[in-house]
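Engineer: Pasting in a structure now, in structure tokens, and then I'll have a few things to ask.
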Amino acid sequence: MADRQNRADYRLTLEGKSLGPGGTPALPEFAAALMAKFSPRLVSLTLTEKRDGEADRLDIVLDDSDGQLEIPQAGQVLSLQLGWAWGADVEPGLVDKGRFKVDEAEWEGAPDRITIRARSADFAASFDRRCEKPHVARKLGEIIREIASAQSLTAIVDPDLAAEHLPVIDQDELSDAALLRILGRRFDAAATVKDGKLIFMPIGEARSASGRSLGSSTITRRDGDSFRYRRGERGQFGGVEARWHDRAKGQRSTVEIGAGGDKPPKRLKRTYGSEETARRAARSASRKMDRAKAEFSINLALGRPELFPEKPLTLAGFKPEIDAQDWLIGECRHTLSGSGGLVSELTLEAK
């Protein structure tokens, strides 16, 4: 029955050649390990996928008990495919998980091991470089496209978000990555860097860079090794209230989203420049409170590398209130072991 055992599979490709001593092209021992000796040396491979302008991370641990491996140089680019070779309980095939640039390596012992840390190759180091740049009277789409252009990426921005007007936002000692996170929190959006694109979309929209729906996947209770559910109240607030300056009347006006019931609305601190801007801010804050009302995490005994952040999920076989909730993946961690196992850890939030 060995042929029915589930066996994980992967492909790692080293792109290009590093420069050896004297600037001459050389194929280091690390490349040879990838092509000929990598699999027997693999201890573990972990891919962590996030959103909110954070780079995906790839961590690889190799056995160097014979001392034959060279510590890899920074800058080498790896392409990863991850999936299953065969098994009665899995769908065979590989999923393209992107390109990663090596930025850190560590050697430790005993036992002697080399740990390689890489992050999304599209997420250049300049993303984390702090700068001073005031943005005055600009559209959100202009800022996102400017960041994308500086990083040699193509910007894909939700049309409604792109039209948002920002009176002023100071990029004072902030990196582009940090600014994206601030803008994401303000507009309840997620910045993702994939395949040469900077994608800025509302959280929960579940759309690809081409605008197509991502569709939903299902996870049942028997898929998981362990899980944890946390239900929180929406809070002490019964909605969100945002104020805006009405120039025509020369006074402040207020918009409310989700108000009602016995609880008072949450009042946002800022005073916005228009009714529409205030309404969007209140709507974003309300959606954040909705997502925070429930959290679910699960460890999948049989990994699902086709899953990624922002993918909608349906749960089945748990408590009725859990199964009835629409879910959204916030973070994924896929771990492949040298023995051929593949597991996935998912963190979900209410959609």
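A short reminder: the numbers here are calculations on the coordinates, not readings from a lab. What you see is a predicted model, and the numbers here were worked out from it, not measured in a lab. So basically every Cβ, Gly included, is an ideal-geometry build from the backbone, and we count neighbours across all protein chains shown.
Engineer: So how tilted is helix 275-291 from the main axis of the chain? Cα-based, degrees 0 to 90, rounded to 10.
Structural biologist: 50 degrees
Engineer: Can you give the three extents of the C-alpha atoms in segment 240-291 along their principal axes, from longest to shortest, in whole Å?
Structural biologist: 34, 21, 15
Engineer: Next question. Using the count of nearby Cβ atoms within 10 Å as a rough guide to exposure, how do LEU268, LEU214, LEU47, LEU42 rank from fewest to most?
Structural biologist: Working: LEU268 16, LEU214 13, LEU47 25, LEU42 20.
Starting with the residue having the fewest Cβ neighbours, the order is LEU214, LEU268, LEU42, LEU47.
Engineer: A follow-up question, please. Counting other beta carbons within 10 Å of each residue's own, what order do CYS131, CYS332 fall into, fewest first?
Structural biologist: CYS131, CYS332
Engineer: Here is a further query. Which entries in the list LYS139/LYS293; LYS50/LYS288; LYS194/LYS288 go over 27 Å, if you measure between the two C-alpha atoms of each?
Structural biologist: Values: LYS139/LYS293 32 Å; LYS50/LYS288 17 Å; LYS194/LYS288 24 Å.
Beyond 27 Å between Cα atoms: LYS139/LYS293.
Engineer: Based only on other Cβ atoms within 10 Å, what is the fewest-to-most ordering of MET289, MET201? Could the numbers behind the result be given before it?
Structural biologist: Values: MET289 19, MET201 22.
Result, fewest neighbours first: MET289, MET201.
Engineer: Pairing the Cα long axis of helix 176-187 with the longest principal axis of the chain, what angle in degrees results, from 0 to 90 and rounded to the nearest 10?
Structural biologist: So the inclination is approximately 40 degrees.
Engineer: So, one more: Using only the alpha-carbon atoms, what does segment 262-351 span along each of its principal axes? Please give whole angstrom values in decreasing order.
Structural biologist: Its Cα atoms span 58, 29, 16 Å along the three principal axes.
Engineer: Next question, about the same structure. Where in segment 222-300 are there GluC sites (Glu not before Pro) that are in a DSSP coil and have at most 11 other Cβ atoms within 10 angstrom of their Cβ? Let's see the in-between values first.
Structural biologist: On the way: sites: GLU233, GLU241, GLU256, GLU275, GLU276, GLU295; in loops: GLU233.
Answer by residue number: GLU233.
Engineer: Run through all the Cα pairs of segment 125-202 and give the fraction in each 5 Å bin from 0, expressed as whole percent.
Structural biologist: Pair shares across the bins are 3, 16, 29, 30, 17, 4, 0.
Engineer: Let me ask something else about it. Find out how many positive minus negative residues lie around SER120, taking Lys and Arg as positive, Asp and Glu as negative, among other residues whose Cβ is under 11 Å from that of SER120.
Structural biologist: Numbers: positive: LYS50, ARG57, LYS97, ARG99, LYS101, ARG119, LYS194; negative: GLU49, GLU54, ASP56, ASP103, ASP122, ASP195.
In short, +1.
Engineer: Roughly how big is segment 125-202's charge dipole about its Cα centre, with Cβ charges of +1 (Lys, Arg) and -1 (Asp, Glu), in debye to the nearest 20?
Structural biologist: 120 debye
Engineer: At what distance in angstrom do the alpha carbon centres of segment 323-342 and segment 76-115 lie from each other?
Structural biologist: If we compute the Cα centre of each part, the gap is 15 Å.
Engineer: Averaging over all projection directions, find the projected area of the Cα convex hull of the chain and quote it in nm² with one decimal place.
Structural biologist: Working: hull surface 88.8 nm².
Convex hull of Cα atoms, orientation-averaged projection: 22.2 nm².
Engineer: Sticking with this one: Which residues' amide hydrogens lie under 5 Å from the amide hydrogen of ILE156, considering only partners 5 or more residues apart or on another chain, with H built in the peptide plane?
Structural biologist: HN-HN under 5 Å from ILE156: LEU198, ILE199, PHE200.
Engineer: Next up: Taking LYS249 as the anchor, which lysines have their alpha carbon closer than 22 Å to its alpha carbon, excluding any fewer than eight residues away along the same chain?
Structural biologist: List returned: LYS269.
Engineer: Any idea what angle helix 140-150 forms with the longest principal axis of the chain, computed on alpha-carbon atoms, 0 to 90 degrees, nearest 10?
Structural biologist: Roughly 30 degrees, rounded to the nearest 10.
Engineer: Within segment 78-117, whose backbone N sits under 16 Å from a point 7 Å along Cα→Cβ of THR220?
Structural biologist: Hits in segment 78-117 for THR220 at 16 Å: 88-91.
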